[in-house]
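Below is one structure, written out as structure tokens; the observations come after it.
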Amino acid sequence: MTSAGSLPEGLSKEEFFEGYSIPRNNELMRIYKDLEMVEQLGSRIPRILETYGKECCQFSENFLRMIFPAKEKVTPQVTPQVTPQVEKLLEVIKGEHSRQELQNKLSLSDREYFRKEFLQPAIEEGLIGLTIPEKPKSSKQKYKLTEKGENFLRALKSEG
């Protein structure tokens, strides 16, 4: 990703890395803020640095370039992309729940739809774990958030 122009006058690299921002176009930033397309200026830089480190940033006299490694090299801290259905499922899990309890919490009656659109994608993404993994079809099976699922929810709440 390349941005034309060097750092704005008065903004040091250290301030940039801490998330301080000086918009180049105040009117454009006001519009983005009014449309809720940005949270706060510069808030993404610290998040990018958590994942990729300062070495992804290259400064020159005329450009700022950020180079992100190929997907397979991304650290596990990156927030997974999940469907709205999986997000809803994660948000209702508090402790351990049976499949039926989760369906009830989401007001869903179609067992197959719940399995295909909510439960299976969440399990495959590693966001939800089974309490009896060696017996996935057990009638006593319950589901709980994994550490990855908890991290995803924390990241989701910090964005919103």
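The values are calculated or read from the model by the stated rules, or taken from the named source; none is laboratory data. Just so it is clear, the model here is predicted, and its values are computed rather than measured. Reconstructed Cβ throughout: ideal geometry from the backbone, glycine too, with neighbour counts over all protein chains shown. Calculation scope for accessible area: heavy atoms of the full protein, side chains included, ligands and nucleic acids excluded. Shrake-Rupley method; radii C 1.70, N 1.55, O 1.52, S 1.80 Å.
Here are a few things to note about the model shown:
Rundown of residues vs (1) open to solvent by less than 30 Å² (accessible area, probe 1.4 Å); (2) more than 16 Å from Val92 (Cβ to Cβ); (3) of a type outside the set (Ser, Thr, Tyr), yes/no style:
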| site | (1), (2), (3) |
| --- | --- |
| Leu108 | no, no, yes |
| Glu112 | no, yes, yes |
| Ile123 | no, no, yes |
| Ile128 | yes, no, yes |
| Lys135 | no, yes, yes |
| Ser139 | no, yes, no |
| Lys142 | no, no, yes |
| Lys148 | no, yes, yes |
| Asn151 | no, yes, yes |
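- Being assigned to a helix (DSSP H, G or I) and over 16 Å from Thr83 (Cα atoms) holds for only one residue in Arg115, Arg154, and it is Arg154.
- Total residues in the range 81-106, condition open to solvent by less than 90 Å² (accessible area, probe 1.4 Å) and assigned to a loop (DSSP other than H, G, I, E, B): 6
- Considering residues of the range 4-21 that are free of Cβ contacts under 8 Å to residues at least 12 places away in the same chain and outside any loop (DSSP other than H, G, I, E, B) only, the residue surrounded by the fewest Cβ atoms within 10 Å (Cβ to Cβ): Glu14
- Single residue of the range 26-68 satisfying the filter (open to solvent by 50 Å² or more (accessible area, probe 1.4 Å) and among the aliphatic types (A, V, I, L, M)) that is modelled with the highest pLDDT: Ile67
- Any hit, the range 1-19, residues being of a type in the set (Val, Ile, Thr) and at pLDDT below 75: no
- Pair list, Cβ under 9 Å, 6 or more apart: the range 108-131 residue without any contact (Cβ under 8 Å) to a residue 60 or more places away in the chain, other residue open to solvent by 80 Å² or more (accessible area, probe 1.4 Å) and assigned to a loop (DSSP other than H, G, I, E, B): Glu125/Gln81; Thr131/Glu96; Thr131/Lys140
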